[in-house]
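The values are calculated or read from the model by the stated rules, or taken from the named source; none is laboratory data. Just so you know, these numbers come straight off a predicted model, no measurement behind them. Glycine gets a Cβ as well: all are built from the backbone with ideal geometry, and neighbour counts include every protein chain shown. In case anyone asks, the SASA skips ligands and DNA or RNA and just uses the protein heavy atoms, side chains included. Shrake-Rupley method; radii C 1.70, N 1.55, O 1.52, S 1.80 Å.
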Amino acid sequence: MSTVKAQPWQPSEAARDTTPVASPGTFMSTDWENRVNFPRLREQRLARAMAELENGDLGAVLLYDMNNIRYVTGTHIGNWARDKLFRACLLVRGHAPILWDIGSAARLHQQYLTWLPEESWRAGLSTWRGAIDTEVGVEAGNARKIADVLREHGLAGEPLGIDVVEIPQLRALEAEGLHVVDAQGLMMRARQIKTADEIALLDQAAGLVDAAYEKLYQFLQVGVKENETVALVNKTLYDLGSEEVEAVNAISGGRCSPHPHVFSDRMIRPGDTAYFDIVHSFQGYRTCYYRTLNVGSATTAQRDAYRRAREAIDGAIAQVRPGASSADVVASFPSAQDIGFSSEEEAFGLQYAHGVGLSVWEKPLMSRYHSFEHPIEIKEGMVFALETYWPTPDGSSAARIEEEVVVEKDGARVITRFPAEELLVTGVRYWNGIDLPASAR
């Protein structure tokens, strides 16, 4: 039975290293500049998860979410695996994590991933979301493996925390006598304060989107279709080193209000507003980054909608500092009624803030829906995106702006740098006598 035992693990000095990242360069290592330190990144992430486990009342944590697994093991086998739920990682207090991975990946980890003991990497199987019938016994076998490890460490009677789980696997774990509870909160707490290396990677991820918006600004003109802009952004990001383009929302014209959250084949016409949200991953770290552009010209109503959205987001950013409350931040966002909705539940997702890290849904999440009654403290090292929306009075258009910020000791540092202070116009400019700039009169 001793072969199933987890190997001892203790944080090294790297877990306490707070040396800042002096350069955002991450594409190659150098001997002449202090860049992202990936060994430190892995060590500090695991140490934070272990600290949460040690300080709580759970005996162990079982992870199926790929972002949580990457956080504690430093492994990634491609986003084709994201919805399969065949990877399982067990954290036991004071011991190295055990990852049951698809067989060939486990062999690869044993050969190349030396930051954890070879015994941490084990071949495993799942039902692939029910593609293998329960009668085969995969869930029962997996539950037995996990229970054996917990029994070896005297933890079978302690609560087992799980982030996400399939119902048949949950029932199999319970059949082994294990008491299963929620562990999403534990991992969210571990991930909410970012390390220096995480912040550097988030900054670089935003930098790739800066470049994508530069290409988009040059490309966007009358006759371009929304899906063409999506293709351009994808190519730009992958060319620059993106690991995955998770989503590019391209919304234009009358589709801007209400916001459909998905691109189409609509063709851009003169005077259209178009806004975009670019979500991608660089070394695992994501972006959520809206910008609004007009094509050819902009009406007074369009400019006014943009100004209102900009003022709201600037007001929210001004409140961001350590010790501030999430209620302070969301007070600057427009109310649901301001933007044409009857309740904050209906308007949710249009004017709020959310943590950004290995996913775009991390702590803190702040909104007018819940943050006045349930405020939380803003802390140094948090990274989150703030986004606002404002429609034109006739509902024919809307503005959407989003900024990502790092909470530093003196306030917020914005890491999304493509210009957004004013509504920019792309393509051929259509001037009239009133709008003609002084230099051209």
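Taking the criterion of being touching a strand residue (DSSP E or B) at 6+ places or on another chain (Cβ under 6 Å) and small (Gly, Ala, Ser), the residues of the range 230-270 that qualify are 242, 247, 250, 252, 257.
Listed by position, the strands (runs of 3 or more DSSP E) inside the range 384-431 whose residues that are open to solvent by less than 30 Å² (accessible area, probe 1.4 Å) and of a type in the set (A, V, I, L, M, F, W, C) number at least 3 are 398-408.
Can you say whether residue 326 is open to solvent by less than 10 Å² (accessible area, probe 1.4 Å), small (Gly, Ala, Ser) and touching a residue at least 40 places away in the same chain (Cβ under 8 Å), as far as the supplied structure shows? Yes: the conditions hold for residue 326. What are the pairs, 6+ residues apart or on separate chains, where a residue within the range 148-169 that is farther than 17 Å from residue 98 by Cβ has its Cβ under 7 Å from a residue that is outside any loop (DSSP other than H, G, I, E, B)? Hits for this filter: 159/181; 168/134; 168/139.
Scanning the range 293-311 for residues that are open to solvent by less than 20 Å² (accessible area, probe 1.4 Å) and either under 27 Å from residue 358 (Cα atoms) or not small (Gly, Ala, Ser) (or both) yields 293, 294, 295, 306.
Condition check for residue 80 on (1) within 26 Å of the chain's Cα centre (by Cα); (2) touching a residue at least 24 places away in the same chain (Cβ under 8 Å): one failure, at (2). Residue-level analysis places residue 346 among those that are open to solvent by 10 Å² or more (accessible area, probe 1.4 Å), closer than 23 Å to residue 277 by Cβ and outside any strand (DSSP E or B). Annotation note: of 119, 158, 135, the sole residue that is within 22 Å of residue 49 (Cβ to Cβ), open to solvent by 30 Å² or more (accessible area, probe 1.4 Å) and assigned to a helix (DSSP H, G or I) is 119.
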